[in-house]
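Single-structure report; data block below.
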Amino acid sequence: MRKLVYLSLGSNLGHREANLRAAIERLAALGEVAAVSSFYETEPVELARQPWFLNCAVALWTEKMPKQFLAALQGIEKAMGRQRTQPKGPRVIDLDILLFGNSVVDTAGLTIPHPALHQRRFVLEPLAEIAPEQRHPVFKHTVRELRDALPAGPAVRKASPSPRKRTSPPRINADEGKG
Ligand code: ADP
Ligand code: MG
């Protein structure tokens, strides 16, 4: 059965935006990408002395089972050159499962919903952009409610869109000759 999975993507090494875009392209092999949030500049949380992250949230329809899906995510992380050196340290790409339909999973290698989902602004801010009414299957609150209940903490700011993503011509051309 097809399920809607919500993912958190993060990068703080190399060309962060290119890394997120490359990961999203690779995710298309696991199912149908339904939504991608804006990219957010986020202050590191667990290990403060490292570069800021670029984070986003992605919604994707998949036929895979949770464990199989996690293995596929880890395959993408590996293919993109992620090295597990320092726990919580800098990474080219981090792919975390936030929600998997309404499934609740609690095994040694996989916890769904993600155990820190409700505590992290760098996860909830992008997720609230694409799924504000989605309910947490354990806490029952919506993503928007969880986001609004967060205490002040490390900074999370929407990044300005990349020029390559422009959908209308630059204003400087549109206004040319209008004096
Ligand atoms: P981080 O906690 O910073 O994301 P890693 O990406 O290295 O660290 O992941 C550590 C382990 O977390 C993985 O090996 C994986 O088995 C486990 N894990 C448990 N639940 C999840 C989840 N919901 N999404 C992704 N990984 C998970
Ligand atoms: Mg991870």
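Could you grab me the full set of residues in region 140-153 that are exposed (fewer than 14 other Cβ atoms within 10 Å of the Cβ) and either assigned to a helix (DSSP H, G or I) or on the phi < 0 side of the Ramachandran plot (or both)? Asp148, Ala149, Pro151, Ala152, Gly153, listed by residue number. Which one is farthest from the chain's Cα centre (by Cα) among residues in region 32-47 that are of a type in the set (A, V, I, L, M) and not in a strand (DSSP E or B)? Looking at the filtered set, the residue picked out is Leu47. Just one of (1) touching a strand residue (DSSP E or B) at 6+ places or on another chain (Cβ under 6 Å); (2) in a loop (DSSP other than H, G, I, E, B) fails for Trp61. It is (2).
Among the residues making up region 76-101, those that are loosely packed, with under 12 Cβ neighbours inside 10 Å, at negative phi and within 9 Å of ligand 1 (Cβ to nearest atom) are Arg84, Pro87. Looking at (1) away from ligand 1 (no atom under 15 Å from the Cβ); (2) not in a loop (DSSP other than H, G, I, E, B), find the lone condition where Ala29 falls short. Of the numbered conditions (1) away from ligand 1 (no atom under 15 Å from the Cβ); (2) not in a loop (DSSP other than H, G, I, E, B), the odd one out for Ala29 is (2).
Scan region 61-75 residue by residue and report those that are among the aliphatic types (A, V, I, L, M), in contact (Cβ under 8 Å) with a residue 40 or more places away in the chain and surrounded by fewer than 21 Cβ atoms within 10 Å (Cβ to Cβ).
The answer is Leu70, Ala72.
Among the residues of region 104-115 satisfying the criterion of being loosely packed, with under 15 Cβ neighbours inside 10 Å and closer than 12 Å to His136 by Cβ, which is farthest from ligand 1 (Cβ to nearest atom)? Going through the qualifying residues, I end up with Val104.
Return the residues of region 95-114 that are out of contact with any Asp or Glu (no Cβ under 7 Å at 6 or more places or on another chain) and within 12 Å of ligand 2 (Cβ to nearest atom); say none if nothing qualifies. Across region 95-114, the qualifying residues are Asp96, Ile97, Leu98, Gly109, Leu110, Thr111.
Only the coordinates and a few stated rules stand behind these numbers; no lab work does. Please read these numbers as outputs of a predicted model, since none were measured by experiment. Quick reminder, even Gly has a Cβ in these numbers, built from the backbone with ideal geometry, and neighbours come from all protein chains shown.
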